[in-house]
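The values are calculated or read from the model by the stated rules, or taken from the named source; none is laboratory data. Since the structure is predicted, the reported quantities are computational estimates derived from the model, not experimental observations. FYI the Cβ positions are ideal-geometry reconstructions off the backbone, even for glycines, and counts take in every protein chain you see.
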Amino acid sequence: MADEKKSKQKQVRVLWEDATEYKYANNLFIAQNGEEFCLVFGHLAPPNTTNRTVEEIADTVYVKPVASLVISPNSLEAFIKLLNDQFNDFNKKRGK
């Protein structure tokens with residue numbers, strides 16, 4: 001029976017499509033609900049302060065979400081390890 005199941009298995013290649021559309025994010029919001037983690041990457045543009053008095057500068061700035069991920073704890077753990085590995089390689093190349 002196990003041999004029959006093995007003979008019906010098929011290896012499937014996974015190919016990434018072209019990822020030329022990049023989003024710039026300079027803020028990250030992370031939340032968790034016990035079962036998964038929510039990561040929201042956003043872009044925050046600082047307020048324009050040129051030739052403005054303190055009273056004229058906005059009291060509030062908004063972060064525009066550019067990408068949101070919902071990820072399991074196991075996948076997040078693998079993601080963190082991958083980021084650490086890549087960051088360490090990056091620093092080695094820079095001589096740090």
Condition met for T60 (surrounded by 11 or more Cβ atoms within 10 Å (Cβ to Cβ) and of a type in the set (S, T, Y)):
no
Test A58 against the criterion of being without any contact (Cβ under 8 Å) to a residue 40 or more places away in the chain, part of a loop (DSSP other than H, G, I, E, B) and not hydroxyl-bearing (S, T, Y), and give yes or no.
yes
Among V54, V70, which is under 17 Å from N27 (Cα atoms) and at pLDDT 90 or above?
V70
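Inspect the range 12-35 for any residue being more than 25 Å from the chain's Cα centre (by Cα) and not small (G, A, S) and give the result as yes or no.
Among the residues of the range 12-35, at least one is more than 25 Å from the chain's Cα centre (by Cα) and not small (G, A, S), which makes the answer yes.
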Is there any pair linking a residue in the range 30-42 that is farther than 16 Å from V63 by Cα to one that is assigned to a loop (DSSP other than H, G, I, E, B), with Cβ under 6 Å and at least six apart or on different chains, and which?
E36/S72
Out of all the residues in the range 10-23, is one or more surrounded by 10 or more Cβ atoms within 10 Å (Cβ to Cβ) and either modelled with pLDDT of 90 or more or touching a strand residue (DSSP E or B) at 6+ places or on another chain (Cβ under 9 Å) (or both)?
yes
For residues that are surrounded by fewer than 10 Cβ atoms within 10 Å (Cβ to Cβ) and modelled with pLDDT under 90, tally how many sit in the range 24-49.
2
Among the residues of the range 66-75, is there at least one that is over 14 Å from the mean Cα position of the chain (by Cα) and loosely packed, with under 10 Cβ neighbours inside 10 Å?
yes
